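Taken together, the values in this text are just the output of simple stated rules run on the coordinates, not laboratory data. Treat the numbers as computed from the prediction; the structure is a model and nothing was measured. Glycine gets a Cβ as well: all are built from the backbone with ideal geometry, and neighbour counts include every protein chain shown.
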Amino acid sequence: MKNLETKLGRAVFRNPLFGCSGCVGHAYELAPYTDLSQYGGLSLKTVTYLPRVGNPADRICEVTAGCISSVGLPNKGPDDYFANVVPKALNVLDPDQAIVSVAGDCVEEYVELCERVQDLFGNRIAAIELNAACPNASHGIGYFSRDAKAASELIHAAKSSVDLPILYKFNTNFENYLEVGKAVSDAGVDAIFTTSTPMGIKIDIKTKKPVLGNTIGPACGPAVLPFGMLRIWNLYKEVEVPLIASGGAASWRDVIEYMLAGASAVGIGSAHFATPDIVPGILADLKEYMEREKLDSLTGLIGAAHR
Ligand SMILES: Cc1cc2nc3c(=O)[nH]c(=O)nc-3n(C[C@H](O)[C@H](O)[C@H](O)COP(=O)(O)O)c2cc1C
């Protein structure tokens, strides 16, 4: 009997394949194109404390081996999100799969969003994801990803205000990402979700101008896989809590490699844009891999490359 269950702190997911926030819509848009029951977890598009118009077009463009994007978290704000978006998402997801992703400008804004999520949907979702990789109006981009003290305060505050498991998603491209990872691990976060997306630029050789309205944006897709792998490799040695990898994963081989480096689960992001039905195929391939390797569970692979 194969067991794909994946424990991330207090949360247990049916398998280690996650849909990354921003790449799977609000789940209900993706539902007609794939079988959502095959996802271990699925993070809804991040909602921010205040409505945001997002960045000017173009917001995304293809580059060799992936894309660069600068979307800027457009959303109508929490009132609309909680009234219209989350209920529709929960119609197509089971409670053990649904993850609500929130972002604020300060600890208080994150906490208020967490409390509202718990009050409204506490028994219908698996976890809250704190998006710490987002723009921060007061302190510049990725403040809660690059300031260990702020990140630790954020986890302490979120944990003392809600009972739901807390995932911390951060940008690992700051030099001190290991210090920050250690701080949130010590603060008792349930799991750390990485996004290993270095900034890139694409210039249109006809217009001779940058393609993105915001000029630059994080690169994602296959090009970033080895960078993401190294972040997981290093974090695994530093932190005590489970890791969810994201950055370039698009096949069962990438998932196994991330697990060997130290990930307990793997997020599939921009690979959905070309192949919306990608996750059920990866899950089937993982099961075949387990059959070939005579494995009942994938747990023994986590961090195995370190041993
Ligand atoms: C168009 C786009 C929108 C995204 N929006 C969000 C978001 O709202 N919240 C978030 O935490 N990450 C967001 N991300 C980051 C992804 O969730 C993921 O971490 C990243 O794309 C790396 O994974 P990949 O290489 O598999 O795409 C976004 C990525 C893309 C490409």
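Quick one: Cα centre-to-centre distance for the stretch 20-81 and the stretch 91-140, in angstrom?
14 Å
May I ask for the Kirkwood hydrodynamic radius of the chain, worked out over all distinct Cα pairs and given in angstroms to one decimal? List each step's numbers first, then the result.
Values: mean 1/r = 0.0521 Å⁻¹.
After inverting the mean inverse Cα-Cα distance, the result is 19.2 Å.
Test of understanding: what is the full-extension gain from Ala284 to Asn234, defined as 0.36 nm times their sequence separation minus their Cα-Cα distance?
Details: separation 50, 0.36 × 50 = 18.00 nm, distance 2.91 nm.
The span from Ala284 to Asn234 would gain 15.1 nm if fully extended.
Counting only C-alpha contacts under 8 Å and six or more residues apart, can you give the relative contact order of the chain as a whole percent? Provide the component values of the computation, followed by the final result.
Working: 713 pairs, mean separation 62.1, N = 307.
Relative contact order comes out at 20 percent.
Can you pick out the pairs among Lys2/Lys169; Lys169/Lys202; Lys182/Lys237 whose Cα atoms lie more than 22 Å from each other? Spell out each step's value before the answer.
Details: Lys2/Lys169 29 Å; Lys169/Lys202 26 Å; Lys182/Lys237 10 Å.
Violating the 22 Å Cα-Cα cut-off are Lys2/Lys169; Lys169/Lys202.
Please list, ordered by chain and number, the residues whose modelled amide H lies under 5 Å from the amide H of Ser246; skip anything fewer than 5 residues away on the same chain.
When sequence neighbours closer than 5 places are left aside, the close amide H contacts are Thr194, Ser196, Gly267.
Among the aspartates and glutamates, which fall within straight-line cross-link reach of Lys7, defined as a Cα-Cα distance under 17 Å, with same-chain neighbours fewer than 8 residues apart omitted?
Asp94, Asp96, Glu129, Asp163, Asp190, Glu240, Asp296
If you take the charge dipole of the chain about its Cα centre, with +1 on Lys and Arg Cβ and -1 on Asp and Glu Cβ, which of Ile125, Ala249, Ile205 is farthest toward its positive end?
It is Ile205, whose Cα lies furthest towards the positive end.
Out of all DSSP beta bridges with both ends in the stretch 6-306, state the antiparallel percent to the nearest 5. Walk me through the numbers on the way to the answer.
On the way: 15 of 42 bridges.
In the stretch 6-306, DSSP labels about 35 percent of beta bridges as antiparallel.
Along Cα→Cβ, 7 Å out, is where each label goes; now give me the distance between the ones at Asp186 and Arg307 in nm to one decimal.
Taking the two extended label points, one gets 2.8 nm.
Could you tell me what percent of the DSSP beta bridges with both partners in the stretch 128-258 are antiparallel, to the nearest 5? Intermediate results must be reported in sequence, preceding the final value.
Details: 5 of 16 bridges.
Looking only at bridges with both residues in the stretch 128-258, the antiparallel portion is about 30 percent.
Taking the Cα-to-Cβ direction at Asp94 and at Lys149 and moving 7 Å from each Cα, how far apart do the two end points lie in nm?
4.5 nm
Within the stretch 258-283, name every residue whose backbone N is under 18 Å away from a label modeled 7 Å from Cα of Ser37 along the Cβ vector.
277-283
Between Lys294 and Lys7, take the C-beta separation as r, use R0 = 22 Å, and let me know the FRET efficiency to the nearest 0.05.
Working: r = 22 Å, r/R0 = 1.01.
With R0 = 22 Å, the Cβ-Cβ based efficiency is 0.50.
Once amide H atoms are placed 1.01 Å from N in the peptide plane, what residues at a sequence separation of 5 or more from Ser21, or on another chain, have their amide H within under 5 Å of its amide H?
Residues meeting the amide H criterion: Ser43.
Would you work out if the stretch 149-307 is rounded, prolate or oblate? Take a ≥ b ≥ c from the square roots of the eigenvalues of the alpha-carbon gyration tensor; rounded if a/c is under 1.5, else prolate when a/b is larger than b/c, oblate otherwise. Don't skip to the answer; put the middle values down first.
Numbers: a/c = 1.92, a/b = 1.10, b/c = 1.74.
The shape class here is oblate.
Between Glu115 and Glu62, what length in nm is gained on full extension when 0.36 nm per residue of separation is reduced by their alpha carbon distance? Before the final figure, lay out each step's value.
On the way: separation 53, 0.36 × 53 = 19.08 nm, distance 3.78 nm.
This chain segment gains 15.3 nm when fully extended.
Quick one: putting +1 on the C-beta of Lys and Arg, -1 on the C-beta of Asp and Glu, what dipole do you get for the chain around its Cα centre, in Debye to the nearest 20?
640 debye
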